[in-house]
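A.B. asks: Submitted below is the structure of interest, expressed as structure tokens.
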Amino acid sequence: MQGLMSLLQQNPQLMQYLMQLQQRSYAIGGYVEGPGTGRSDDVKAGIYQNGQKVQEARLSDGEFVFTERAVRGLGNGDREQGAAKMYNMMRQYERMA
């Protein structure tokens, strides 16, 4: 959790988007806690479109999920650029773990 807080502190734009989403009652993503380990995919979840569950998903204890809006925001409106920045951050923090 410390690494996540450091990430958010270093990226105030990302923190701002997450706070805005939470205030507007949109899907906010977030920190995942549940059974299993950090790589076990034992936390059951779902993927929803237009309020309907369209697919099962599996997450791992300790993972963090970002909303589409946060990804787009980090990329200044471009989801692909936002995702690329998130992948870079993920690799950087994985090396530190």
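A.B. asks: Quick one: which of 89, 15, 5, 19 is at pLDDT 75 or above, in a helix (DSSP H, G or I) and over 11 Å from the mean Cα position of the chain (by Cα)? Even if it seems obvious, please write down each step before you answer.
C.D. replies: Details: 15 fails: at pLDDT 75 or above; 5 fails: at pLDDT 75 or above; 19 fails: at pLDDT 75 or above.
89 is the lone residue from the list that is at pLDDT 75 or above, in a helix (DSSP H, G or I) and over 11 Å from the mean Cα position of the chain (by Cα).
A.B. asks: Which of (1) open to solvent by 30 Å² or more (accessible area, probe 1.4 Å); (2) part of a strand (DSSP E or B) does residue 95 not meet, given it meets every other one?
C.D. replies: Failing condition for residue 95: (2).
A.B. asks: Quick one: count up the residues across the range 36-62 that are at pLDDT 85 or above and on the phi > 0 side of the Ramachandran plot.
C.D. replies: 3
A.B. asks: Next up: Mind checking which residues of the range 48-75 are under 26 Å from residue 93 (Cα atoms) and either open to solvent by 50 Å² or more (accessible area, probe 1.4 Å) or among the acidic types (Asp, Glu) (or both)?
C.D. replies: Within the range 48-75, the first condition is being under 26 Å from residue 93 (Cα atoms), and the residues that meet it are 57-75.
Residues satisfying the conditions are 58, 61, 63, 64, 65, 66, 68, 69, 72.
A.B. asks: For the range 36-59, name all the residues that are within 24 Å of residue 80 (Cα to Cα) and in a loop (DSSP other than H, G, I, E, B).
C.D. replies: Of everything in the range 36-59, just one residue is within 24 Å of residue 80 (Cα to Cα) and in a loop (DSSP other than H, G, I, E, B), namely 50.
A.B. asks: Right, something else. Across the range 22-35, which residue is surrounded by the most Cβ atoms within 10 Å (Cβ to Cβ) among those that are modelled with pLDDT under 65 and in a loop (DSSP other than H, G, I, E, B)?
C.D. replies: First, pick out the residues of the range 22-35 that are modelled with pLDDT under 65: 22-28.
Pick out the ones that are also in a loop (DSSP other than H, G, I, E, B) and you get 24-28.
Details: 24: 9, 25: 7, 26: 12, 27: 12, 28: 17.
This residue is 28.
The values are calculated or read from the model by the stated rules, or taken from the named source; none is laboratory data. Here the structure is a predicted model, which means the values were calculated and not measured. Heads up, the Cβs are rebuilt from the backbone with ideal geometry, glycines too, and the neighbour counts pull from every protein chain shown. Side chains are part of the model used for accessible areas, which takes the heavy atoms of the whole protein and leaves out ligands, DNA and RNA. Shrake-Rupley method; radii C 1.70, N 1.55, O 1.52, S 1.80 Å.
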